[in-house]
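Just so you know, all these numbers are worked out from the coordinates, no wet-lab data involved. Just so you know, these numbers come straight off a predicted model, no measurement behind them. Backbone-built Cβ (ideal geometry, glycine too); neighbour counts: all protein chains shown.
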Amino acid sequence: MSIVDTNRCIGCGVCTTRCEFDAIHLRRDHPEATKMIRSEDKMKAILPYMVKRAARIKGAANAAETVVHNRRIPADA
């Protein structure tokens, strides 16, 4: 019997393809909470989140840069 370390498992399914005996299977605890998307349509589904995330990251980077520029930091630091 095997035990899954839930702290390390990300649910990628690689273990299911590597098992020589086809003994490992993944199941969804809440299948209604997941939305399956065909691989051909992934970019259409991900794009809105990518744009939002990029804007947040850029905004955070600009805010951090502003903080750094407003402080007096020695040139050799």
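Output wanted: per-residue J couplings in Hz (rounded whole) for region 31-38, from phi through Karplus 6.51 cos²θ - 1.76 cosθ + 1.60, θ = phi - 60°, x for Gly and Pro.
In residue order, the calculated couplings are x, 6, 8, 10, 10, 7, 10, 4 Hz.
Spin-label point model (7 Å from Cα, Cβ direction): what's the K58 to R8 distance in nm?
That separation, rounded to one decimal, is 4.0 nm.
Could you give me the ³J(HN,Hα) list for region 44-51, computed from phi with Karplus coefficients 6.51, -1.76, 1.60 and θ = phi - 60°, whole Hz, x at Gly and Pro?
4, 6, 7, 3, x, 6, 4, 5
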